[in-house]
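Data block below; observations after.
Where a number appears in this text, it was derived from the coordinates with a stated rule and is not lab data. What you are looking at is a predicted structure, and each value in this text was computed from that prediction instead of being measured. Neighbour counts are summed over all protein chains in view; Cβ atoms, including those assigned to glycine, are modelled from backbone coordinates with ideal geometry.
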Amino acid sequence: MRVRDAAVRPRVLLVTGAYYPEISAAAVQCRAVAQRLQHRATLSVLTTAVTPSLPAFDRIDGVAVHRVLVDVRSARSKAIASIKVASSMLRQRGTYDVVHVHGFSQKNLPVSALGRLLGKPVVLTLHTSGQDEPEIVKRRGALSYWAFTSPQLVMAVSPQLATLWCAAGLPADRVRTSPNGIDTSRFRPVNDAERIALRKALGWPQDRQVVLFVGFFSRDKRPDLLFRAWRLLDPVTRPQLVFVGAKGTGYYEIDDALGAAIRRDAFESGVADHLTFLDPTNDIERCFRAADLFVLPSVREAHPLALLEAMACGLPVIATRLPGATDAIVDHGLTGKLFAPDDEQALAGALRELLADPAAGRAMGERAREAVSARYDIERTADAWLDAYQAVLADQ
């Protein structure tokens, strides 16, 4: 009887590496979907956190949030966090029917083992290229690979991750492509007056165009590549370059030397006044609305949320061409421009072209907005998650 009732209104424990107010793509997706499903499912959250000041228990948007503090630079801390995640799952076992774990890390082994022990079906979402992949996980050992392959259903945010799952000989009927979704009412275009007001509030210049980067300062995100390409632009018309993202070492993939090197080079070359650095913000939509152009220079992505957010805000975008990832989102020449990985000259050329013709850029941004609204609205994501929960419960 419980399974039949849960299929109507499932009780789901979301297990993730971060949750609001901390920022990650999975955190943003989980919160947005939880808001959409509040009348169709009962969701709670079990998350690790890197901010010591955050409470162990919280309630956000009416959703119960349990946090386990972790220092990602310490193997001991990560091991202890995995044990605490398992303990929390055990304590809460009467409050959920499905476990939905996001991404693959050390937490997946205890989560998968407890799901099996407690008779709770597990859904796994693959979020990250170069991490949530069968061959990568297999190198971690047999137990890790068991945890990766044991969920009853796997949802891949990109065609690339779904393809890699199947290419490893894993059951094709257990994987679904379920892309990230965007709240298109929150991420929306603005008129010129709104953009001017936002730039004034943010302290950005009004007399030149603004190019925006949003993401961790990691080697894979390539903020330094964007900086070098930007340096190649005509000094007379060079836009403001705004970097928004974490530059410290709170997350494992951040290289704090990157931001320091960019600042130093900018100061030494006399262009520091054309650079703006902002910390991560949960009000990132203000930055997208205030910008003229968005650039994603990464060499490793699955289904980049920042790219979708920029497009939803009607910005022309430039992104690295990554098969099964960015090329599944951006229609080159129509909704944005794609360039080959690490091609500094090609990126500079794309910047020149779009900055020189704002009207063409606006038209490209309008088409980008239409594409995201049609394919990646958050309501579609919420429906896909709910369908996954009902499917695994029906198989119980």
Worksheet item: Among 84/120; 84/221; 78/337; 221/337; 200/247; 107/337, which pairs are too far apart, with a Cα-Cα distance over 28 Å?
Response: 84/221; 78/337; 107/337
Practice prompt. Find the all-direction average of the projected area of the Cα convex hull for region 158-209, expressing the result in square nanometres with one decimal place.
Written response: 6.3
Worksheet entry | Cleavage-rule hits (trypsin sites (Lys or Arg not before Pro)) in region 14-91: DSSP loop, at most 13 neighbouring Cβ within 10 angstrom | 73
Item to complete: Summarise the long-distance tail of P(r) for the chain by giving the % of C-alpha pairs beyond 39 Å.
Response: 18
Worksheet entry | Farthest positive-ward along region 269-396 dipole, Cα basis, beta-carbon charges - from 324, 339, 372 | 339
Response to the item:
Expressed to two decimals, region 192-375 has a Cα Rg over Rh, using the Kirkwood radius, of 0.93
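Can you check what the net charge comes to around residue 240, using other residues whose Cβ is under 12 Å from the Cβ of residue 240 (Lys, Arg +1; Asp, Glu -1)?
On the way: positive: 199, 208, 238; negative: 207, 273, 292.
Here the charged neighbours net out to 0.
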Worksheet item: Can you give the helix-only mean residue ellipticity at 222 nm for the chain, where every DSSP H stretch with n ≥ 4 adds -39500 (n - 2.57) and the sum goes over all residues, rounded to the nearest 500 deg cm²/dmol?
Response: -12500 deg cm²/dmol
Worksheet item: Could you give the length gained on full extension between residue 170 and residue 150, defined as 0.36 nm per residue of separation minus the Cα-Cα distance, in nm?
Response: 6.2 nm
Worksheet entry | Estimated dipole of the chain in Debye, rounded to 20 [Cβ of Lys and Arg +1, of Asp and Glu -1, Cα centre] | 1320
Worksheet entry | Paramagnetic reach from residue 380 in region 322-341 [backbone N under 20 Å; point 7 Å along Cα→Cβ] | 322-337
Fill in: Shape category assigned to region 138-179 from the gyration tensor of Cα positions, a/c cut at 1.5
prolate
Fill in: Calculated on alpha-carbon atoms, Rg and Dmax of region 275-395 in Å
16.0, 56
Worksheet entry | Compactness relative to 2.2 N^0.38 Å, alpha carbon Rg of region 113-219 | 1.60
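Residue 394 to residue 343: extension gain in nm, 0.36 nm per residue of separation minus the Cα-Cα distance?
The residue 394-residue 343 span can extend by a further 13.5 nm.
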